[in-house]
Each structure stands twice: as C-alpha cells, then as structure tokens.
Amino acid sequence: MDEIKKDPTGFSTALEVHYDQDVDFFFHKIELADRIILNIQINGVMDTTFDIPVSSRTTINQAISGTMDIEDAGVEPRLLVGNHANFKILIVASQIGKLIALGQTPKDTILSIGSKWFGRGDEVGDDDFDKLMFVLGNVKKILS
C-alpha cells in the first residue's frame, strides 16, 4: 500500500503511487491559509496548470453543511498553462475542483498536472473513465 507522507506542520502532503508498471504518479499538496497548491506529476511531468476558484461563499456554505450535491458544485477551472483544446484535462480539473469544493476546507486551488497520459483531448479511449477514477481516488486520499 502506498503511504501518504505529511510534514510535521501539516503544510505539505505527498503520495507516490503507480498506475501500472510504466506509469508513476506523485501527488503533492501544499496547503496555505487561503489556497491549495496541488501538483500531480505523471512520470515526472506536469505540463498543464489551472486556477480553480471556489465559485462563491454560498457554495462553500452548502458544501460544509452537506446540503449540496456534487453535481451542483459550480467549479469552472481556468487554464493558465497548457493546451486549451484538450477537453479531457479540463474535465479532470473540473472533477478535482468539485472534490475540493465539497471537502472539509474548500479553498481556491492551483492545479498542475501532466496531461499527456490522458491522451488527446478530442479522442475517446476505453480507459478514460478508469484513469479519471484513479486520479480522483488519490486526490481524495491526499486531501483528507
């Protein structure tokens, strides 16, 4: 089992996992007072960066009280660096944003992630859903 490593101050959390023999992931969360920085390296690469704002105080209050469904979390990532035509990575960022918005301490987030592993944004792969669930499952681990 992969081990989550936290620094003694709780400022930084890291997790190394393997998807298969050839794909290594390094999840790293840095939590500041007003923002989360989430880095997801895939085979050492992060080529796309998003700003994921928590949409409003109402969203935060609903998330904390548990009265909001995950589908209602109004998360709209803004691409800062990367290929704007890759819709797959935009969906991944949106889903990560929803996890953060519905988490214990929702905060604006900067997400850097490797996009190439997900494939071209205009093609559908049989394993797209499995890849998304793998990433979301590990993001959940590192956020808790």
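The values are calculated or read from the model by the stated rules, or taken from the named source; none is laboratory data. Computed from a predicted model, the values in this text were never measured in an experiment. Cβ coordinates were reconstructed from backbone atoms using ideal geometry, including for glycine residues, and neighbour counts include every protein chain displayed.
Scanning the range 105-144 for residues that are assigned to a loop (DSSP other than H, G, I, E, B) and within 13 Å of V54 (Cα to Cα) yields a total of 3.
Of everything in the range 78-101 that's among the hydrophobic types (A, V, I, L, M, F, W, C) and not in a helix (DSSP H, G or I), which residue is farthest from the chain's Cα centre (by Cα)? Only one residue fits best here, namely A85.
Hey, does the range 52-59 have a residue that's more than 25 Å from I4 (Cα to Cα) and at pLDDT 90 or above?
The first filter runs over the range 52-59 and keeps only residues more than 25 Å from I4 (Cα to Cα), leaving 53-59.
If we keep only those that are at pLDDT 90 or above too, we end up with 53.
Looking through the range 52-59, at least one residue is more than 25 Å from I4 (Cα to Cα) and at pLDDT 90 or above.
Of everything in the range 99-113 that is surrounded by fewer than 21 Cβ atoms within 10 Å (Cβ to Cβ) and not aliphatic (A, V, I, L, M), the residue that is farthest from D47 (Cα to Cα) is Q104. Residue pairs whose Cβ atoms lie under 7 Å apart, separated by 6 or more positions or on different chains, with the first residue in the range 114-139 and on the phi < 0 side of the Ramachandran plot and the second of a type in the set (S, T, Y) and modelled with pLDDT under 95, are F134/Y19.
Would you please name the residue that is surrounded by the fewest Cβ atoms within 10 Å (Cβ to Cβ), looking only at residues in the range 86-98 that are more than 11 Å from L38 (Cβ to Cβ) and out of contact with any Lys or Arg (no Cβ under 9 Å at 6 or more places or on another chain)? Even if it seems obvious, please write down each step before you answer.
The initial filter retains those residues of the range 86-98 that are more than 11 Å from L38 (Cβ to Cβ), namely 86-92, 94-95, 98.
Next, only the ones that are out of contact with any Lys or Arg (no Cβ under 9 Å at 6 or more places or on another chain) stay: 87, 89-91, 94-95, 98.
Details: F87: 12, I89: 26, L90: 20, I91: 15, S94: 15, Q95: 19, K98: 19.
The extreme case among them is F87.
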